[in-house]
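Peer 1: Sharing a structure here in structure tokens format.
The values are calculated or read from the model by the stated rules, or taken from the named source; none is laboratory data. Worth saying up front: this structure is predicted, and the values here are computed from it rather than measured. Here the Cβ positions follow ideal geometry from the backbone for every residue, glycine too, while neighbour counts run over all protein chains shown.
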Amino acid sequence: MINELYQETILDHSKRPRNFQSLQEANGEAEGYNPLCGDKCKVFVKEHNGVIDRVTFQGTGCAISTASASLMTETLKGKTVAEAEALLAKFHDLLTTDRPVPKDLGKLAVFSGVREFPARVKCATLAWHTLQAALRGAGEVVSTE
């Protein structure tokens, strides 16, 4: 039952991604690429006084990559940069360890099944690593390789 709910959420966000657009008022942006799967994303972030006002993305990718980026944009709005970094660490831990799912991950918990497919971890984390680059403002291209 729970796996069906997880699959349904991932499919919904991959077919109808939220915040899938450029962001003219962004003060940070970066591009990311996963050569293994072919996922490409560009993340736009508007941050003010250490708080993320808005995050959007554009690109092409598999269902996991697109759904992860979509859920990321919903989850991070209103969070501080420090909270976003901590959430990335918890999200990465969710995907790479057998530890229990942290309760404070909310909808991001739907990705817990990805840990069974190590090659897909890079799909799920691409947007998150790209967001980190956007927050640094270096304009760098992030690669999962």
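Peer 1: Checking A134 against (1) loosely packed, with under 13 Cβ neighbours inside 10 Å; (2) touching an Asp or Glu at 6+ places or on another chain (Cβ under 6 Å), only one condition comes out false. Which one?
Peer 2: A134 satisfies every listed condition except (1).
Peer 1: Another question about this same structure. Quick check on this structure: which one of T96, T125, T130 is more than 16 Å from F57 (Cβ to Cβ), at pLDDT 90 or above and either within 14 Å of the chain's Cα centre (by Cα) or polar (S, T, N, Q) (or both)?
Peer 2: T96
Peer 1: Let me ask something else about it. So if I check each of K90, K107, which one is assigned to a helix (DSSP H, G or I) and over 14 Å from I10 (Cβ atoms)?
Peer 2: Just a single option satisfies the conditions, and that option is K90.
Peer 1: In region 1-25, how many are buried (at least 17 other Cβ atoms within 10 Å of the Cβ), at pLDDT below 95 and not in a helix (DSSP H, G or I)?
Peer 2: Here the count works out to 0.
Peer 1: Residues in region 27-51 that are of a type outside the set (G, A, S), touching a residue at least 40 places away in the same chain (Cβ under 8 Å) and part of a strand (DSSP E or B): how many?
Peer 2: Number satisfying all stated conditions: 11.
Peer 1: I would also like to ask the following. Looking only at region 109-134, which residues are in contact with a helix residue (DSSP H, G or I) (Cβ under 6 Å, 6 or more places away or on another chain) and of a type in the set (A, V, I, L, M, F, W, C)?
Peer 2: Once the filter is applied, which keeps residues that are in contact with a helix residue (DSSP H, G or I) (Cβ under 6 Å, 6 or more places away or on another chain) and of a type in the set (A, V, I, L, M, F, W, C), region 109-134 yields V110, F111, V114, V121, C123, A124, L126, A127, W128.
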